[in-house]
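The structure appears right after this line, and notes come after that.
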Amino acid sequence: MAEADKTIMEHFKDNIVYINCMVNLSIDCDCDSHPEAPCMKDIGILSSLDPVALDKACLDLVYASSDPGRDHLLERIESRHGGHTVDYAEKIGLGSTDYELIDVDKE
């Protein structure tokens, strides 16, 4: 997945903004035509110019959540090595796992 992303990033260069909507969090991919019902409450919408930082922040927010459905979602993420994809994306130069969360609702 990270290598496919690299191709798109190389084509568009600095003309991309990344937005993740952490809503309807289900264990199934958005591409699944019959996904399992959401297992966690909505966390929010995050954006960044760095896709690796963005995905790392989203993973960290799931890990930090006290939502009862968190473990179900984490089991799916870990069984598919979701963290590895983020680490590999950083390794091939797509961004950094370092980030700063800024809550615009509090600004």
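The values are calculated or read from the model by the stated rules, or taken from the named source; none is laboratory data. From a predicted model like this one, the values you see are computed outputs, not experimental measurements. As a convention, Cβ positions derive from the backbone with ideal geometry for all residues, glycine included, and neighbour counts pool all protein chains shown.
Some observations on this one:
- Identity of the residue in the range 29-83, small (Gly, Ala, Ser) and within 13 Å of the chain's Cα centre (by Cα), that ends up nearest to LEU101 (Cα to Cα): ALA57
- Taken together, the residues in the range 1-32 that are among the charged types (D, E, K, R), in a loop (DSSP other than H, G, I, E, B) and out of contact with any helix residue (DSSP H, G or I) (no Cβ under 9 Å at 6 or more places or on another chain) amount to 4.
Yes/no matrix, rows are residues, columns are (1) more than 26 Å from LYS6 (Cα to Cα); (2) part of a loop (DSSP other than H, G, I, E, B); (3) modelled with pLDDT of 95 or more; (4) of a type in the set (Gly, Ala, Ser):
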position	(1), (2), (3), (4)
HIS34	yes, yes, no, no
PRO38	yes, yes, no, no
LEU46	no, no, yes, no
CYS58	no, no, yes, no
VAL62	no, no, yes, no
TYR88	no, no, yes, no
LEU94	no, yes, yes, no
ASP105	yes, yes, no, no
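- Within this structure, GLY83 fails the test of being part of a loop (DSSP other than H, G, I, E, B) and surrounded by 15 or more Cβ atoms within 10 Å (Cβ to Cβ).
- Taking (1) loosely packed, with under 15 Cβ neighbours inside 10 Å; (2) under 14 Å from the mean Cα position of the chain (by Cα); (3) more than 14 Å from GLU90 (Cβ to Cβ); (4) not β-branched (Val, Ile, Thr) in turn, MET22 satisfies each apart from (1).
- So LEU74, is it touching a Phe, Trp or Tyr at 6+ places or on another chain (Cβ under 6 Å), surrounded by 12 or more Cβ atoms within 10 Å (Cβ to Cβ), touching a residue at least 12 places away in the same chain (Cβ under 8 Å) and not β-branched (Val, Ile, Thr): no
- Criterion applied to ALA37, ALA53, ALA57 was being loosely packed, with under 12 Cβ neighbours inside 10 Å and not acidic (Asp, Glu), and the one residue passing it is ALA37.
- Figure legend. Inter-residue proximity from the range 15-38: first residues under 16 Å from LEU54 (Cα atoms), second residues acidic (Asp, Glu), beta-carbon distance below 7 Å, spacing 6+ or different chains. Indicated pairs: MET22/ASP42; VAL23/ASP42.
- Among (1) of a type outside the set (Phe, Trp, Tyr); (2) under 20 Å from ILE8 (Cβ atoms); (3) part of a loop (DSSP other than H, G, I, E, B) - the single one ALA53 does not satisfy: (3)
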